[in-house]
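Contents: one structure, followed by commentary.
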Amino acid sequence: MLKQILFSGLLCSGFFYTATAQFTCCDSSTVAPEITAGMNGTPIDINGTTPAPTLSVTASSNLPNVEFLITKRGTAALFNDGSGPDTTGGGGDVIIGGDADGIITPADLGRYGVTLADNDTFDLTAIGFDLPVMQNLTDSLLNGSAPNGSSLDPCCNLFFFMSIGLGQPAVAGFCDSVNNAGINSGADVLGIEQILDIIDAFSTGEASVESMISTMGIINSNGNSISVDCGGTGTQNFVAYGINNAAQYSYVVNDPLSVQNISSVARFVVFPNPAQQSAQLNITTDVAVSMHLNIINSLGQTVYASSLGVVEGNFSKQIALESMAQGLYTLVLSDGKQQTTTLLEVH
């Protein structure tokens, strides 16, 4: 759960929710950027790069910076102690990276020890923000001082006193946590990757798009309580941002080297390939082995599953494809411990 109480009386639940799932601040005319939703037609090699994403909605002028959040589908963001999914903001998939242009190399992604492997799906969500405002807030909190020798001088003491009042010692370490992430001033905040590090310092759980939206709302709802010396403006809704978490573009990872091959299988082919109405699976094994076949579409969904029983020597099976949409499919042959794969294109 986010340290929401850290900012109650300290730091805008003032985000606006529209029918298109846009979360924005700080003005009713603010428009969040939206990535063109869909799924890439072919898997992306784990060491390759994705094509540049396109936007279906352009961000409003008060969101001059548009970058991308990357989440791993089906992997929930957890509490830091691993006790279960963090449901802040409704809960969501864990953020495994942020990127300025949305051109992604899957092998480079990873946060909280969560990475991508063969057949994993990752999703891109656009986020709009005002980088200079985020830089000013960061610099003021880390290095600012309240006037007249106040007990909140320097601004980092703000978190110390809040930790005492709330009985939550971890709150006092906000500035240290941000410094440990390599952020010592606003100049170190270059984009969404560093903003994610700051969000992490506010949280007792891994970041999701949903928990990030919640955190931004908390900061803004308390904006009139932050001293100008510590990055505030004396008004709520001062950190502009926009996210539509319902608009995502998705990719499936292809990493054949990560798959352990079944040592007993000497031959595993499917033909014709490409195929239309049906395809024939041919397997040759060196020893008797019990096998199972799954066929997975580009969305990572299993569309066919069959137990092949004990296979020894040469084995053939006809697979009906009439019910399968055109596209690229992954055939996964498994003995329950190891697996091998091949690709089939359906026309």
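Annotations
- Verdict on Gly82 being buried (at least 16 other Cβ atoms within 10 Å of the Cβ), in the same structural domain as Ala117 (by TED's automatic domain parsing) and either among the aromatic types (Phe, Trp, Tyr) or at pLDDT below 95 (or both): no
- For Val269, the test of being more than 18 Å from Thr330 (Cβ to Cβ), of a type outside the set (Phe, Trp, Tyr) and either surrounded by 14 or more Cβ atoms within 10 Å (Cβ to Cβ) or under 37 Å from the mean Cα position of the chain (by Cα) (or both) is failed.
- Among the residues of region 300-313, some residue qualifies, meaning at least one is more than 37 Å from the chain's Cα centre (by Cα), buried (at least 18 other Cβ atoms within 10 Å of the Cβ) and over 25 Å from Thr121 (Cβ atoms).
- Enumerated strands (runs of 3 or more DSSP E) restricted to region 199-313, each holding at least 3 residues that are of a type in the set (Phe, Trp, Tyr), modelled with pLDDT of 85 or more and more than 30 Å from Leu78 (Cβ to Cβ): none
- All positions within region 94-133 that are surrounded by fewer than 24 Cβ atoms within 10 Å (Cβ to Cβ) and assigned to a helix (DSSP H, G or I): Ala107, Asp108, Leu131, Pro132, Val133
- Taking the criterion of being farther than 11 Å from Ile104 by Cβ and in a loop (DSSP other than H, G, I, E, B), the residues of region 47-62 that qualify are Asn47, Thr54, Thr58, Ala59, Ser60, Ser61, Asn62.
- Single unsatisfied condition, Arg73 versus (1) of a type outside the set (Val, Ile, Thr); (2) buried (at least 19 other Cβ atoms within 10 Å of the Cβ); (3) part of a strand (DSSP E or B): (2)
- Candidate set: region 275-299, residues that are surrounded by 14 or more Cβ atoms within 10 Å (Cβ to Cβ) and within 25 Å of the chain's Cα centre (by Cα); chosen: the one nearest to Asn254 (Cα to Cα): Ser298
- Any hit, region 200-207, residues being under 24 Å from Ala126 (Cα atoms), of a type in the set (Ser, Thr, Tyr) and touching a Gly at 6+ places or on another chain (Cβ under 7 Å): no
- Residues (within 21 Å of Asn254 (Cα to Cα) and surrounded by 14 or more Cβ atoms within 10 Å (Cβ to Cβ)) located in region 316-334: Met324, Gly327, Leu328, Tyr329, Thr330, Leu331, Val332, Leu333, Ser334
The values are calculated or read from the model by the stated rules, or taken from the named source; none is laboratory data. Predicted, not measured: the structure shown is a model, and the values here were computed from it. With ideal geometry, Cβ positions are generated from the backbone for all residues, glycine too; neighbour counts draw on all protein chains shown.
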